[in-house]
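The values are calculated or read from the model by the stated rules, or taken from the named source; none is laboratory data. These figures come from a predicted structure and were not determined experimentally. Every residue, glycine among them, receives a Cβ derived from its backbone with ideal geometry; neighbour counts consider all protein chains shown. Ligands, DNA and RNA are stripped out before the accessible areas are found, and what is left, the full protein with its side chains, is counted by its heavy atoms. Shrake-Rupley method; radii C 1.70, N 1.55, O 1.52, S 1.80 Å.
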Amino acid sequence: MGRAEGSTLRVVAINPTQVDPALLQAPAETLRSGGLVAFPTETVYGLGVHALDPDAVARLYEAKGRPTNNPLIVHITPEMPVDALVAEWPTAAVQLAEAFWPGPLTLVVKRSARVPDAVTARADTVALRVPTHPIAQALIRMAGVPVAAPSANRSGELSPTTAEHVRRSLGDRIDWLVDGGACPGGIESTVVDVTVSPPRILRPGLVTQAQLEAIVGPVAAPPVGIAVGVPLPAPGMLAKHYAPRTALELAADAEELTLLRDTYTRAGLRVCVLTLPDNPAEAARTLYASLHDRDTGEYDRILTLLPPDTPTWAAIRDRLTRAAATD
Ligand code: TXA
Ligand code: MG
């Protein structure tokens, strides 16, 4: 199935602190039968499809306008075994899953033949995550199938942290929108490749390098800012990604911020200065919503101060750098 021509988006609001399973029955059935369902997770909203249904996965790429060489994360519940999806489950995966699942950590492992090529972009690996958000868990559990879910935005746009963000970006292209309010985490999961030793961070996120290293010892991290021209282990690592339409510029210090603001203002541009909270978790929670709010055409430039180059700010610096990239 999938979205019928001329059909309208169905929306259901669900209280995440008291999930009513009856309200999830229809979206779960839509997922199981090949439709597109957007739902909240603890990081950002995901756009879910039945991960083992290649036609559904093809519709998902189409709806997002996503390049088919960018693989998807497969979401499962804590009680679903990984065995059917993976060819190997190395010690680092055992330890990291034990420590951080359910939660905002995605593990890249060797895949089994059951996972369709379309999900993994033909790679011999698959990315797996067990979300902790009660709505995400209940929905996947009721669907009874693994759910492939990228962020619920059109490709290249900012990730959504509210149902309204999803509706604006994809409202005319999906079957169901499960509105569970704002996502508590605010930026995407940490993606770690555990097929290599030491494990390697492909995308920094809410689980920090230090937290990973406390469990498995040394972990390799990608530099902030991307080496262009090198084959990308995670195509989501393309420099320009997660970007607002309005030009975003990053200042290295307060002085540069003032200089940029004054220069643009004198040139007649409408400038907005975004001040991030000084706590990394709070900055993550509000980052995309703040950018969405300022990305309405009201401004010509959004300026913000790049946070310090320290491990706890790595994920925020990563997302800001991508959002500001111009190619
Ligand atoms: O927090 C999240 O991870 C959210 C929620 C919805 O779970 N999902 C998300 O999905 O951010 P997406 O598609 O926007 O980003 C998935 C990232 C991309 O950078 C992709 O390249 C990488 O995971 N990825 C997926 N499968 C991979 C694989 N087999 N090998 C390497 N990277 C992979
Ligand atoms: Mg995304």
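Assorted remarks:
- Breaking point among (1) in a loop (DSSP other than H, G, I, E, B); (2) open to solvent by 40 Å² or more (accessible area, probe 1.4 Å), for Thr41: (2)
- Being open to solvent by less than 70 Å² (accessible area, probe 1.4 Å), in contact (Cβ under 8 Å) with a residue 60 or more places away in the chain, away from ligand 1 (no atom under 13 Å from the Cβ) and within 14 Å of Leu170 (Cβ to Cβ) is a condition met by at least one residue of region 9-19.
- Residue check for Leu23: in a helix (DSSP H, G or I), of a type outside the set (Val, Ile, Thr) and open to solvent by less than 10 Å² (accessible area, probe 1.4 Å): no
- Residue list for region 181-193, filter: open to solvent by less than 10 Å² (accessible area, probe 1.4 Å) and either away from ligand 1 (no atom under 13 Å from the Cβ) or more than 21 Å from Leu291 (Cβ to Cβ) (or both): Val192
- Cβ pairs under 7 Å, 6+ apart, first in region 47-73 and acidic (Asp, Glu), second surrounded by fewer than 24 Cβ atoms within 10 Å (Cβ to Cβ): Asp53/Gly34; Asp55/Gly34
- Residues located in region 94-139, provided they are within 16 Å of ligand 2 (Cβ to nearest atom), open to solvent by 10 Å² or more (accessible area, probe 1.4 Å) and out of contact with any Pro (no Cβ under 6 Å at 6 or more places or on another chain): Pro104, Val108, Ala127
- Of residues in region 169-178 being open to solvent by 10 Å² or more (accessible area, probe 1.4 Å) and in contact with a Pro (Cβ under 8 Å, 6 or more places away or on another chain), the one farthest from ligand 1 (Cβ to nearest atom): Trp176
- Considering region 217-327, the qualifying strands (runs of 3 or more DSSP E), each wholly inside and each with 1 or more residues that are modelled with pLDDT under 95 and open to solvent by less than 60 Å² (accessible area, probe 1.4 Å), run over 247-251.
- Residues (closer than 29 Å to Thr125 by Cα and not in a loop (DSSP other than H, G, I, E, B)) located in region 178-209: Thr190, Val191, Val192, Asp193, Arg200, Ile201, Leu202, Arg203, Gln209
- Total residues in region 93-127, condition in a helix (DSSP H, G or I), under 15 Å from Leu212 (Cβ atoms) and touching a strand residue (DSSP E or B) at 6+ places or on another chain (Cβ under 8 Å): 3
- Filtering region 292-318 to residues that are closer than 21 Å to Thr162 by Cα, without any contact (Cβ under 8 Å) to a residue 60 or more places away in the chain and charged (D, E, K, R) leaves Asp293, Arg294, Glu298.
- Scanning region 62-79 for residues that are in a loop (DSSP other than H, G, I, E, B) and either open to solvent by less than 40 Å² (accessible area, probe 1.4 Å) or within 25 Å of Gly186 (Cα to Cα) (or both) yields Gly65, Arg66, Pro67, Asn70, Pro71, Leu72, Ile76, Thr77, Pro78.
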